[in-house]
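Let me begin by presenting the structure, written as structure tokens, before commenting on it.
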Amino acid sequence: MSSSPRSTWDAGRFLQTLNFFDTIPVISCLRKMFGSTSSPAPPEPQAGVLFDFSQPTPDLAQLWGALDDVVMGGVSASGIRQEAEAALFSGYVSTANSGGFASIRTRNFDPPLDLTEHTGLQLYLKGDGNRYKFLVRDEDTWDSIAYTHSFDTVADEWITVQIPFSQLIPVFRAKTVDTARPLDRSQIRSLQLMLSKFEYDGALNPHFTPGAFQLRLQRIAVY
């Protein structure tokens with residue numbers, strides 16, 4: 001993914017995003033009619049590890065995709081690619097057109113991932129000093145409540161980030177939902193990693209810097 005900024009909204013990327021996540025009604029219906037849908041199966045934990053990006057991951061591009069502010073008229077752009085020892089999430093975040101976020105998200109798992117026997121998630125990563133968010137969803141709809149955890153990175157330093165399920169914050173479009181039920185750990189549908197100018201309820205991310213960014217993700221595990 002190029003770190004060069006765009007100045008205009010990209011309709012092509014908008015349609016590409018909706019198509020990847022199977023959210024265009026007509027295309028979605030046609031796929032179901034002709035049996036061409038292929039929702040990914042959930043990862044099977046191996047010694048507690050859900051995703052090990054230190055090894056080549058052939059299905060990376062089929063499972064993880066960019067979900068940027070292009071869906072709301074923004075011009076930020078990101079992507080994920082396999083490197084020698086990690087997956088690289090990188091791109092450019094712009095606050096133009098009222099945007100300001102870039103993310104990568106899995107397509108919905110089918111059947112859902114069951115994590116009832118675990119306390120939380122653990123990430124091993126190297127960032128750039130920005131504050132990121134990790135989001136978990138237990139519904140297969142496109143725009144559902146996300147259970148969210150913010151974490152800071154240290155530039156060019158590998159760190160471990162622990163995310164207890166009990167401390168996840170339910171949000172809808174960066175606004176907290178006080179009436180939301182707890183995360184259903186038996187029905188995990190998708191995972192998402194995001195860089196956003198917003199924290200929660202209109203507050204700004206105190207460690208956000210617009211422009212080029214990069215975060216290397218080596219492992220997603222459970223504990």
For segment 141-169, what are the residues that are closer than 18 Å to residue 116 by Cα and touching an Asp or Glu at 6+ places or on another chain (Cβ under 8 Å)? 147
Could you grab me the full set of residues in segment 87-113 that are open to solvent by 20 Å² or more (accessible area, probe 1.4 Å) and more than 29 Å from residue 202 (Cα to Cα)? 110, 111, 112
Are any of the residues in segment 114-125 without any contact (Cβ under 8 Å) to a residue 24 or more places away in the chain, open to solvent by 60 Å² or more (accessible area, probe 1.4 Å) and of a type in the set (D, E, K, R)? yes
Can you find even one residue in segment 171-190 that is open to solvent by less than 20 Å² (accessible area, probe 1.4 Å), touching a Ser or Thr at 6+ places or on another chain (Cβ under 8 Å) and within 22 Å of residue 53 (Cβ to Cβ)? yes
Only residues that are in a loop (DSSP other than H, G, I, E, B) and modelled with pLDDT of 90 or more: list them for segment 10-25, please. 10, 21
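Go through segment 197-210 and give me each residue that's in contact with a Ser or Thr (Cβ under 8 Å, 6 or more places away or on another chain) and either open to solvent by less than 80 Å² (accessible area, probe 1.4 Å) or at negative phi (or both). Walk me through it before giving the result.
Keep residues of segment 197-210 that are in contact with a Ser or Thr (Cβ under 8 Å, 6 or more places away or on another chain), which gives 197, 199-201, 205, 208, 210.
Those that are in contact with a Ser or Thr (Cβ under 8 Å, 6 or more places away or on another chain) and either open to solvent by less than 80 Å² (accessible area, probe 1.4 Å) or at negative phi (or both): 197, 199, 200, 205, 208, 210.
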With the structure loaded, tell me whether residue 141 is touching a strand residue (DSSP E or B) at 6+ places or on another chain (Cβ under 9 Å), farther than 18 Å from residue 216 by Cβ and of a type in the set (S, T, N, Q) or whether it fails that test. no
Please find, within segment 46-72, the residue that is most open to solvent (accessible area, probe 1.4 Å) out of those that are of a type in the set (Gly, Ala, Ser) and out of contact with any helix residue (DSSP H, G or I) (no Cβ under 6 Å at 6 or more places or on another chain). 47
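This table checks each residue for (1) more than 20 Å from residue 147 (Cα to Cα); (2) hydroxyl-bearing (Ser, Thr, Tyr); (3) in a loop (DSSP other than H, G, I, E, B); (4) in contact with a strand residue (DSSP E or B) (Cβ under 7 Å, 6 or more places away or on another chain).
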{"position": "54", "(1), (2), (3), (4)": "yes, yes, yes, yes"}
{"position": "58", "(1), (2), (3), (4)": "yes, no, yes, no"}
{"position": "61", "(1), (2), (3), (4)": "yes, no, no, no"}
{"position": "75", "(1), (2), (3), (4)": "yes, no, yes, no"}
{"position": "89", "(1), (2), (3), (4)": "yes, no, no, yes"}
{"position": "92", "(1), (2), (3), (4)": "yes, yes, no, yes"}
{"position": "97", "(1), (2), (3), (4)": "yes, no, no, no"}
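Among the listed residues 115, 121, which satisfies the condition of being outside any loop (DSSP other than H, G, I, E, B) and at pLDDT 95 or above? If you could, list the steps in order and put the result at the bottom.
On the way: 115 fails: outside any loop (DSSP other than H, G, I, E, B).
None of the others qualify; the one that does is 121.
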Subset tally (residues that are more than 27 Å from residue 23 (Cα to Cα), open to solvent by 40 Å² or more (accessible area, probe 1.4 Å) and in contact (Cβ under 8 Å) with a residue 40 or more places away in the chain) for segment 139-166: 4
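The values are calculated or read from the model by the stated rules, or taken from the named source; none is laboratory data. Just so it is clear, the structure is predicted and the values come from calculations on it, not from any experiment. All Cβ positions, even for glycine, are placed from backbone atoms using ideal geometry, and neighbour counts span all protein chains on display. The accessibility values were calculated without ligands, DNA or RNA, using every heavy atom of the protein model including side chains. Shrake-Rupley method; radii C 1.70, N 1.55, O 1.52, S 1.80 Å.
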